[in-house]
Number of protein chains: 2
Amino acid sequence: MKIAIDGMGGDQAPRVIVQGVQKAAAMFPDMHFEIFGDQEKINHYLNEEKNISVVHTTEVITGSDEPVRSIRRKKDASLVVAARSVKEGKNDALFSAGNTGALLAAGTLIVGRIRNIDRPALMGLMPDLKNNGQPTVFLDLGANADSKPENINQYGVIGSYFSKTLTGTAEPSVALLNNGTEAGKGSMTTQKAYTLLNENPHIHFAGNIEARDLLAQKNNVIVADGFTGNAVLKTTEGTALTMMSLLKSAIKDGGLKGKIGAYLLKDSLKAMKSKLDYSELGGAILVGVKAPVMKTHGSTDAHAVLQTLIQTRKILEDRVVENLVEFFDD
Amino acid sequence: MKIAIDGMGGDQAPRVIVQGVQKAAAMFPDMHFEIFGDQEKINHYLNEEKNISVVHTTEVITGSDEPVRSIRRKKDASLVVAARSVKEGKNDALFSAGNTGALLAAGTLIVGRIRNIDRPALMGLMPDLKNNGQPTVFLDLGANADSKPENINQYGVIGSYFSKTLTGTAEPSVALLNNGTEAGKGSMTTQKAYTLLNENPHIHFAGNIEARDLLAQKNNVIVADGFTGNAVLKTTEGTALTMMSLLKSAIKDGGLKGKIGAYLLKDSLKAMKSKLDYSELGGAILVGVKAPVMKTHGSTDAHAVLQTLIQTRKILEDRVVENLVEFFDD
């Protein structure tokens, strides 16, 4: 099991990337990690681990680079060379904490689409806050700005395969993000997607779900067009961040009483924050391509890198991509 | 200034509706309120106020009624008769806390669209949580499931007119909800909408805004296609509610220490909750029709009814609808 690591992507690269890889390398001696990037900088953090190697590259794709153009022009970028090693079968999966658009482009254009999957999608895990149960698989989070009903129907199948591996559900239920729960609701796209999902014999379709209920529902897979999925993900983040900052300033404005109260509540607030911490759940995955293409936030830490690499191992062990290739190959 | 009130819409109708109207009637002796609904039930709460009258109706549209069909079939429903009184010029504006879909249908089909406005939209006010400044006008919140770029461009003009009245901004800035801030980002619909808004000489276009920044930004008007606007609104509500319930259970699980902490923080948390309380800002408005069509949540209280009626007065005083009719009439 060999993982290609983009050593230069993310705000604190290569340090936190190397540190996360070191944790994974110690945990899984049977895996090999190949880190692509500035050899000198990366070696600075390494301790001659047997199952970590470094491939020197001279270019870096930054957060502000235009995705498709940078993939094409920066031929010696850590991400591009790492993706090529996966394409050529030298590695089994690709990991990056860098420019999301560039990773999507590298996954789609270099690693390559699975035959008959028209539009790879970005998939994430949402914490099940209310029921404290299994996290929900949610796609497309924005790989596509114009998902067609046929794409959304494929997301249902792809999401079900990943849900089985990532959450251990035997028969994952699939819900469609829509602007009402009744059948017949929605845009032209979601109405058509509903019909296709409902007639799809390979999934367990549970009908529509509204955005209000996303954090407190019982389905295993949520499918959405990429534009809405992206908007909903960012709204959740923005609202949660705004509320945490409101809470902080409410405490601050509460004077001594507020400060003592906050001190006594510290453990409770910490427990709440950890429930909201998506990094516990690992990264997002570009699905529909010929190998696992994994990402974490640019502001990631070594722990989140490790979580994502643990997920990568699960996906490879369960041969999820091979199963998808087989499913769509007819 | 005469307002038609649907006395039977909402979870606690007619009680909270009548109580809210009574507050408004006491505050504004120069206004008249005509309440439509079950005369006996409504009279039970009235005290012979001079500027409140009652029109008896025999049918009620419930929350589960199919909007367009119920508007057509229940010809003596409180909402339908109230809407007709506006259409016929007997009243100047329509208010309801009932079935949102039915109110949109009554507004569009009975009160009627303004000439050259293709798609009326649902407009709301978002609190500016971060900057404690003016609330932002946000449309379309879901009157349309498939907004076209031309519709979104019209939302920019309509939103600017209402923003001037509701927040007192002389030159409201308009931002487009999109999946990236740079020009050129987005779906086919938002890309085209961007171009139209950017070329529109009648508004002050400020470019794209991402959903993450909706609660903490400085624009006066946000425009979105109705499907995404609806999803974003419901995600905000869902996330805020989930976080409040997480906070509650975190406090509960924190034992005695947590309870004392929560007691000391009570005032701070209350201040935070009131910032999140959309009812302070009044209701949503169906815009693009020939009279102000106002709604509040079904779970509304008398205070929120009053706030919405205060808004209605402002809109009528400033002749916003008349100005829109004139603008689009060429």
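I'd like to know if segment B:129-136 contains one or more residues that are touching a residue at least 24 places away in the same chain (Cβ under 8 Å) and in contact with a strand residue (DSSP E or B) (Cβ under 7 Å, 6 or more places away or on another chain).
yes
Among the numbered conditions (1) assigned to a helix (DSSP H, G or I); (2) out of contact with any Phe, Trp or Tyr (no Cβ under 7 Å at 6 or more places or on another chain); (3) over 26 Å from residue A:167 (Cα atoms); (4) open to solvent by less than 40 Å² (accessible area, probe 1.4 Å), tell me where residue A:53 comes up short.
(1)
Please name all residue pairs, on different chains or six or more residues apart, with Cβ atoms under 6 Å, provided the first residue is in segment A:229-241 and is facing chain B (nearest Cβ under 7 Å) and of a type in the set (Lys, Arg) and the second residue is part of a helix (DSSP H, G or I) and open to solvent by 20 Å² or more (accessible area, probe 1.4 Å).
A:234/B:212
Condition first: modelled with pLDDT of 80 or more and within 14 Å of chain A (Cβ to nearest Cβ). Now tell me which residues in segment B:263-298 satisfy that. Reasoning before the result, please.
At the first step, the residues of segment B:263-298 found to be modelled with pLDDT of 80 or more are B:284-297.
Residue satisfying the conditions is B:297 alone.
Being among the small types (Gly, Ala, Ser) and in a helix (DSSP H, G or I) is the filter here; which residues of segment A:17-50 pass it?
Quick first cut of segment A:17-50, residues among the small types (Gly, Ala, Ser) only: A:20, A:24-26, A:37.
Those that are among the small types (Gly, Ala, Ser) and in a helix (DSSP H, G or I): A:20, A:24, A:25, A:26.
Considering only residues of segment B:201-224 that are over 16 Å from the mean Cα position of the chain (by Cα) and at the interface with another protein chain (Cβ under 10 Å from one of its Cβ atoms), which is farthest from residue A:210 (Cα to Cα)?
Here is the first cut: in segment B:201-224, the residues over 16 Å from the mean Cα position of the chain (by Cα) are B:201-219.
After this cut, where a residue has to be at the interface with another protein chain (Cβ under 10 Å from one of its Cβ atoms) as well, the list is B:210-217.
Numbers: B:210: 20, B:211: 17, B:212: 19, B:213: 21, B:214: 19, B:215: 20, B:216: 24, B:217: 25 Å.
Filtering segment B:201-224 for residues that are over 16 Å from the mean Cα position of the chain (by Cα) and at the interface with another protein chain (Cβ under 10 Å from one of its Cβ atoms), the one farthest from residue A:210 (Cα to Cα) comes out as B:217.
Hey, any hits in segment B:90-98 for a residue that's over 17 Å from residue B:112 (Cβ atoms) and among the aliphatic types (A, V, I, L, M)?
Taking every residue of segment B:90-98 in turn, at least one turns out to be over 17 Å from residue B:112 (Cβ atoms) and among the aliphatic types (A, V, I, L, M).
Looking at the structure I just gave you, is residue A:246 within 8 Å of chain B (Cβ to nearest Cβ) and in contact (Cβ under 8 Å) with a residue 24 or more places away in the chain? Explain how you work it out, then say what you get.
Details: within 8 Å of chain B (Cβ to nearest Cβ): yes; in contact (Cβ under 8 Å) with a residue 24 or more places away in the chain: no.
Answer is no for this residue.
Restricting the search to segment A:176-219, which residues are hydrophobic (A, V, I, L, M, F, W, C) and in contact with a Lys or Arg (Cβ under 9 Å, 6 or more places away or on another chain)?
Within segment A:176-219, the first condition is being hydrophobic (A, V, I, L, M, F, W, C), and the residues that meet it are A:176-177, A:183, A:188, A:193, A:196-197, A:203, A:205-206, A:209, A:211, A:214-216.
Of everything in segment A:176-219, those that are hydrophobic (A, V, I, L, M, F, W, C) and in contact with a Lys or Arg (Cβ under 9 Å, 6 or more places away or on another chain) turn out to be A:193, A:206, A:211, A:214, A:215, A:216.
Can you report the number of residues in segment B:169-224 which are under 16 Å from residue B:150 (Cα atoms) and hydrophobic (A, V, I, L, M, F, W, C)?
13
Look through segment A:284-313, keep the residues that are among the basic types (Lys, Arg) and over 14 Å from the mean Cα position of the chain (by Cα), and return whichever of them is most open to solvent (accessible area, probe 1.4 Å). Write out each step before concluding.
First pass over segment A:284-313, keeping only residues among the basic types (Lys, Arg): A:290, A:295, A:313.
Now restrict to residues that are over 14 Å from the mean Cα position of the chain (by Cα): A:290, A:313.
Values: A:290: 115, A:313: 38 Å².
Checked segment A:284-313; the qualifying residue most open to solvent (accessible area, probe 1.4 Å) is A:290.
Looking at (1) within 14 Å of another protein chain (Cβ to nearest Cβ); (2) of a type outside the set (Gly, Ala, Ser); (3) surrounded by fewer than 24 Cβ atoms within 10 Å (Cβ to Cβ), which is the only condition residue B:165 fails?
Status for residue B:165: all satisfied but (1).
So which of A:216, A:206, A:170, A:183 ends up being of a type outside the set (S, T, N, Q), over 23 Å from residue B:238 (Cβ atoms) and open to solvent by 10 Å² or more (accessible area, probe 1.4 Å)? Don't jump to the end; show me each part of the working.
Details: A:216 fails: over 23 Å from residue B:238 (Cβ atoms); A:206 fails: over 23 Å from residue B:238 (Cβ atoms); A:183 fails: over 23 Å from residue B:238 (Cβ atoms).
Testing whether each residue is of a type outside the set (S, T, N, Q), over 23 Å from residue B:238 (Cβ atoms) and open to solvent by 10 Å² or more (accessible area, probe 1.4 Å) leaves just A:170.
Among the residues of segment B:175-184, is any within 11 Å of chain A (Cβ to nearest Cβ) and either part of a helix (DSSP H, G or I) or under 30 Å from residue B:314 (Cβ atoms) (or both)? Spell out the reasoning first.
Initially, segment B:175-184 is screened for residues within 11 Å of chain A (Cβ to nearest Cβ), giving B:177-180, B:182, B:184.
Right, trim to either part of a helix (DSSP H, G or I) or under 30 Å from residue B:314 (Cβ atoms) (or both) and you get B:177.
Yes; the residues of segment B:175-184 include at least one that is within 11 Å of chain A (Cβ to nearest Cβ) and either part of a helix (DSSP H, G or I) or under 30 Å from residue B:314 (Cβ atoms) (or both).
With respect to residue B:101, is the statement that it is closer than 30 Å to residue B:147 by Cβ, touching a helix residue (DSSP H, G or I) at 6+ places or on another chain (Cβ under 6 Å) and of a type in the set (Gly, Ala, Ser) true?
Working: closer than 30 Å to residue B:147 by Cβ: yes; touching a helix residue (DSSP H, G or I) at 6+ places or on another chain (Cβ under 6 Å): yes; of a type in the set (Gly, Ala, Ser): yes.
Here the answer is yes, as residue B:101 does meet what is asked.
So which residues in segment B:186-203 are of a type in the set (A, V, I, L, M, F, W, C) and open to solvent by less than 40 Å² (accessible area, probe 1.4 Å), if there are any at all?
Within segment B:186-203, the first condition is being of a type in the set (A, V, I, L, M, F, W, C), and the residues that meet it are B:188, B:193, B:196-197, B:203.
Matches in segment B:186-203: B:193, B:197, B:203.
Within segment A:250-262, which residues are at pLDDT below 80, in contact with a helix residue (DSSP H, G or I) (Cβ under 8 Å, 6 or more places away or on another chain) and either facing another protein chain (nearest Cβ under 7 Å) or open to solvent by less than 40 Å² (accessible area, probe 1.4 Å) (or both)?
A:250, A:251, A:253, A:254, A:257, A:258, A:261, A:262, listed by residue number.
The values are calculated or read from the model by the stated rules, or taken from the named source; none is laboratory data. This is a predicted model, so every value here is computed, not measured. Reconstructed Cβ throughout: ideal geometry from the backbone, glycine too, with neighbour counts over all protein chains shown. Please note that ligands, DNA and RNA were not included when accessible areas were found on the heavy atoms of the full protein model with its side chains. Shrake-Rupley method; radii C 1.70, N 1.55, O 1.52, S 1.80 Å.
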